[in-house]
Amino acid sequence: MTETTTPAAGEELTRLTAAAMADRLTAGELTSEQLVHAHLDRIERLNPVLNAYLRVDAEGALATAREVDAARAGGEQLPRLAGVPVAVKDIACTEGLVTTAGSRMLAAWVPPYDATVVRRLREARMPILGKTNMDEFAMGSSTEHSAFGPTRNPWDLDRIPGGSGGGSSAAVAAYLAPLAIGSDTGGSIRQPAAVTGTVGAKPTYGGVSRYGVIALASSLDQIGPCARTVTDAALLHEVIGGHDPMDSTSIDAPVPPVLEAAGTRDLTGLRVGIVSELTGEGYQPDVQARFDEAVAQLREAGAEVVEVSCPHFRYALPAYYLILPSEASSNLARYDAMRYGLRVHPEGVDRPSAEQVMAASRDAGFGDEVKRRIILGTYALSAGYYEAYYGQAQKVRTLIARDFEAAFEQVDVLISPTAPTTAFRIGDKAEDPMAMYRNDIATIPANLAGVPGLSVPAGIAGDGLPVGVQLLAPATSDERMYAVGAALEARLAAQWGGSGSVLDRAPDVSALVDAFATTASSADREVTA
Amino acid sequence: MTTTSTGTPARVVDFDDAVARFDPVMGLEVHVELSTATKMFCGCATTFGADPNTQVCPVCLGLPGALPVVNEGAVESAVRIGLALNCRIADWCRFARKNYFYPDMPKNFQTSQYDEPIAFDGYLDVEIPGAGDSGEPPEVFRVEIERAHMEEDTGKSTHVGTSGRIHGADYSLVDYNRAGIPLIEIVTKPITGAGERAPEVARAYVGALRDLLRALGVSDVRMEQGSLRCDANLSLRPRDDAAQQSVPFGTRTETKNVNSLRSVERAVRYEICRHAAVLDAGQAVVQETRHWHEDTGITTAGRPKSDADDYRYFPEPDLVPVSPSAEWVEGLRATLPEPPAQRRRRLQQDWGYSDLEMRDVVNAGAVEVIEDTVAAGATPAGARKWWTGELARRANAEGREVTDFGVTPAHVAELDGMVGEGRLNDSMARQVLEGVLAGEGTPTEVADARGLRMVRDDSALEEAVDAAIAASPDVADKVRGGKVQAAGALIGQVMKQMKGQADAARARELILERLSPPE
Ligand SMILES: [Zn+2]
């Protein structure tokens, strides 16, 4: 099918939810090729400023789209999301398509294989639009630590889109993709979702295969969906979830019924616990206000809300910043310029040894945040320090898991703000890594305990930026957070009116981008003049 | 780092002198490559000798994003090895990452086991030949096993350049086919109390382990191909017969990759002599790895090693713990072969060998091959004769194994059969064996090609006998007169005339028949 779409009609198409796209494709009202073109057009216009995508695979996406359209025309039964485009964080290997993990080290690396999650997208016949920007090796909460420049928040181009998966969330928020894949080690799906007004889910550890997803911290990493609605997130979750024999830590059980749960509206009889350690002090007042309103909505939906205490959560941040660097220091050891990736010959050395090439390449290939964490982790694992650091951190981890167990004996789901603040300005925390680390204070406990978490939009703060709330469920009960998230989303939508999306109230990103480009080019002229 | 150049011998003390004054303490670490069809953590093939980097995948190349999955067959082999070594089997254990940078290690960490080995606290009883040369029964020496753990092999580096080492190489090539092959590392507790027999105990231990692993069917155990590799730790402490066990251990050295049984014995012996010389000179033994030089029979300094080498071990987060169930372990116990020492006693009885004969067989490392040869139809006496004769001499002289020369149990059985049938005599059979060794084919092919066959047609022999009698009438008379021993000279002439292709016994019969005194 080659019918053209007007630019305005294309814009309209990108605003659809993934579920609506799937329905229209099934009904024959729309082709996948039209959808992909509409997104590619928008990417072409906005991405030069947003920098949400590091690489766009127009050819690959269109090829998949045309195959799907032909198959549908031929009456073939197709998976529900067949033909719905998707973006993939540049941390998941895509065969034949450069995968960088946001690092100079892998700037030109072409994987010879697909990550399991990518294979599942292909099996679901979803066109892959491209690879999204991220903090280098997923180390960061702002996407400022990408070797390829920061991603800008579509709500305010001077602000960060969260991280490490800022590219995926910004792409979804700016309608450059209806769905995206993210990875969450300490909040890298949920915090970007919160600060971009989108939905992001970190499934139970082991719920989605990690095979082929470049490892940051193996015991914390989890792959999950980024979307604009809870239902869309659930649709993508069901595509990518489920057992994978290539990942030993993958759970050998069916995907929890998250899509069904996303239809929940009535929460009668459900017990929701506010984590007292994750509210109040340290939380931006209007973030706290939106959170309190969300809690009130849950009460109105029939939920019984109580406060619960998780006393060991206060040790989560230090424990996390020992476990993560320790595992990362080992996971990143393989980038040594011997087999793939950047290779730098040390300056002034005639016949460098393998060790000298390794050192020079790692020095040139890794950014400061990566080096900082490799050094931290190497130290924490060293003989004589292991027990004091890594060993202690693992004990804290056990205590946090027990806090969750105790809490889930009293309630079905826990709730907190996703991030303590709205999006901060690009460069604001560059000199203070600890301040950036603290942005993940509410999301980290779930990774340490392996429990699932979901961030859904809760409204807009006084600074005009979106706020998210986080729902946490017991391991392998991901459907519970989807149920509560869906009920909350529906009530807020009714209150907000319009399409019900908080994104309706975002400034027009096209106008922001045009204004930005004008300012930038006039600034350029000033510089050249 | 200072290194002694290859071939420059250190000062050494005479062995007898060294062990008279010092007590050797050994620790043996043996790495065994399992013969599983696939690698430890991926589905790649493990065939030896494939073209470089053809048996690799994202997992064993350590590509970004790749994850390991444990090979269940390797765990099964590990448990069986542990059981055969009388070890306790962990009901729960984990893999750990051993972190260090080296180009042949794709991930720059080796997935191994650290403080939670799958098998631990075992022992292996090994036999060393009885003292003296008069066939005293073998002595049994118990070697305590500290642990047996699972890990993956590294790739194989080839350093191209004059030095053959990474330092000074023009460039290096790495073959990752070996990366990820399952290894079991078997570590002994400190072996004390062997005294002057320490080198023999080391050899006997590695030999017994090799026999055991072969009987288990878990490895090719080809030392020359590196599927069984031994690192020998050695230290000396002053001899104190009154309270030896309370004397603290000395500083140890670790001699790496000693790749034949004979080398194990020689390397330990050399290090005893070298350590003694260092200690005699009032110097301290340097804790380091040593390289063994097969050609010169010495070791040279490698890299300094300290107990503080920091590999930053931590539990491998990409793998779940291994927890073999008690039922499964007991099921595997039932599959264990007969212990080699017990088996040797049974075979000695079956084969009717004397203790001395059995000792030679064991020393030649020929128990298995004789068993196979007998199974192929040879007589036990014939099998022993060939394997402990020429082949053992060659193996000993060249530091190789009796099975390394292209002669198979089937060949020896065939040869033994040809002798038994009277087709070949002893000297012909030796010539046939030479032909087989030279790669000329099977014994039958060699005998045919070389025209070796005992003459069975008595007419030629009778002619030769008559000619010999006619040529030496004096000798013939002596025999006629009852001096039967004198027939030997006639037999010699007959054999000469027949160019050795005659049955000497038959010639003797014919001569005595003709020269028997008239009735
Ligand atoms: Zn492989």
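Going toward the positive end of the dipole of chain A, with +1 on Lys and Arg Cβ and -1 on Asp and Glu Cβ, which of A:TYR321, A:GLY75, A:ALA234 do you reach last? It is A:TYR321. Comparing A:MET139, A:ASN153, A:GLY207 along the charge dipole axis of the range A:122-230, the residue lying farthest to the positive side is A:GLY207, per the Cβ-charge model. Measuring nothing but how far apart in sequence close Cα pairs (under 8 Å, 6+ apart) lie, relative to its length, chain A scores a relative contact order of 16 percent.
Residue order for B:SER263, A:SER164, A:SER188, B:SER246, fewest other beta carbons within 10 angstrom first, comes to B:SER246, B:SER263, A:SER164, A:SER188. A Förster radius of 45 Å, combined with the Cβ-Cβ distance separating A:LEU78 from A:ASP368, puts the computed FRET efficiency at roughly 0.45.
Once both labels are modelled 7 Å past Cα along the beta-carbon direction, what's the B:ALA375-B:THR54 spacing in nm? Here the answer is 3.1 nm between the modelled labels. Taking amide H as placed 1.01 Å from N in the peptide plane, the amide H of B:ASP153 sits under 5 Å from that of B:GLY180, B:ILE181, B:LEU183, each at least 5 places away or on another chain.
Rank the residues A:LEU512, A:LEU236 as a footprinting-exposure proxy: fewest other Cβ atoms within 10 Å of their Cβ go first.
Working: A:LEU512 22, A:LEU236 30.
In increasing order of surrounding Cβ atoms, one gets A:LEU512, A:LEU236.
Between A:LEU54 and A:LYS131, A:THR132, A:ASN133, the built amide H atoms are under 5 Å apart, and every one of these is 5 or more places off in sequence or on another chain. Backbone phi angles across the range B:433-446, fed through the Karplus curve with coefficients 6.51, -1.76 and 1.60 (θ = phi - 60°), yield HN-Hα couplings of 4, 4, x, 5, 4, 7, x, 7, x, 6, x, 4, 4, 5 Hz in residue order; Gly and Pro are listed as x. For the range B:2-329, a simple Cβ point-charge model (Lys and Arg +1, Asp and Glu -1, everything else neutral) yields a dipole of about 640 debye relative to the Cα centre.
Quick one: if the Förster radius is 30 Å, what FRET efficiency do A:ARG425 and A:ASP508 give, using the C-beta to C-beta distance and rounding to 0.05? Could you put the intermediate results ahead of the total?
Values: r = 21 Å, r/R0 = 0.69.
Computed FRET efficiency for A:ARG425 and A:ASP508: 0.90.
Counting Lys and Arg as +1 and Asp and Glu as -1, each charge on the Cβ, what is the dipole of chain A about the Cα centre in debye, to the nearest 20? Before the final figure, lay out the partial values.
Working: 44 positive and 65 negative charges, 124 e Å.
Approximately 600 debye in magnitude.
Need the full-extension length gain, A:ALA494 to A:GLU409, defined as separation in residues times 0.36 nm minus the C-alpha distance. One decimal, nm.
Extra length from A:ALA494 to A:GLU409 when fully extended: 27.4 nm.
Backbone geometry of the range B:415-429 corresponds, through the Karplus equation with coefficients 6.51, -1.76 and 1.60 at θ = phi - 60°, to 3J(HN,Hα) couplings of 4, 4, x, 5, 5, x, 6, x, 6, 10, 9, 4, 6, 5, 4 Hz, x marking Gly and Pro.
Remark: the range A:135-144, residue by residue, has Karplus-estimated 3J(HN,Hα) of 5, 3, 6, 6, 9, x, 10, 8, 6, 6 Hz, where x stands for each Gly or Pro and the curve is 6.51 cos²θ - 1.76 cosθ + 1.60 at θ = phi - 60°. One decimal place: the segment B:GLN431-B:GLN244 gains 61.9 nm when fully extended, by the rule 0.36 nm per residue minus the C-alpha distance. In the protein assembly as shown, helical runs assigned H by DSSP with n ≥ 4 each contribute -39500 (n - 2.57); averaged across all residues and rounded to the nearest 500, the mean residue ellipticity at 222 nm is -12000 deg cm²/dmol. Cut-off 11 Å, label point 7 angstrom out along Cα-to-Cβ of B:ALA284: give me the residues of the range B:18-45 whose amide nitrogen falls inside. Under cut-off, by backbone N: nothing. Considering only B:ALA334, B:VAL75, B:VAL32, the residue lying farthest towards the positive end of the dipole of chain B is B:VAL32, judged by Cα position with unit charges set on Cβ.
Take the Cα of A:THR26, go 7 Å toward its beta carbon, and the backbone nitrogen atoms of the range A:75-94 under 16 Å from that spot belong to A:75-85. Here the simple spin-label model places points 7 Å from the Cα toward Cβ, and for A:ARG122 and B:GLN349 these points are separated by 6.4 nm.
For B:ASP477 and B:GLU513, the difference between the fully extended length at 0.36 nm per residue and the C-alpha to C-alpha distance is 11.6 nm.
Order these peptides, A:428-441, B:191-204, by their mean beta-carbon neighbour count within 10 angstrom, highest first. List each step's numbers first, then the result.
Details: A:428-441: 17.2, B:191-204: 21.4.
Output ranking for A:428-441, B:191-204: B:191-204, A:428-441.
Between A:VAL255 and any residue 5 or more places off or on another chain, the built amide H atoms are never under 5 Å apart.
With each label point set 7 Å from Cα along the Cα-Cβ vector, what nm distance links B:LYS189 and B:VAL455? In this crude label model, B:LYS189 to B:VAL455 measures out at 6.9 nm.
If you place +1 on the Cβ of every Lys and Arg and -1 on the Cβ of every Asp and Glu, how big does the dipole about the Cα centre of the protein assembly as shown come out, in debye to the nearest 20?
Here the size comes out at about 840 debye.
Read-outs: derived from the displayed coordinates by stated rules, not from any lab. Worth saying up front: this structure is predicted, and the values here are computed from it rather than measured. Here Cβ is always computed from backbone atoms with ideal geometry, including for glycine, and neighbour counts include all displayed protein chains.
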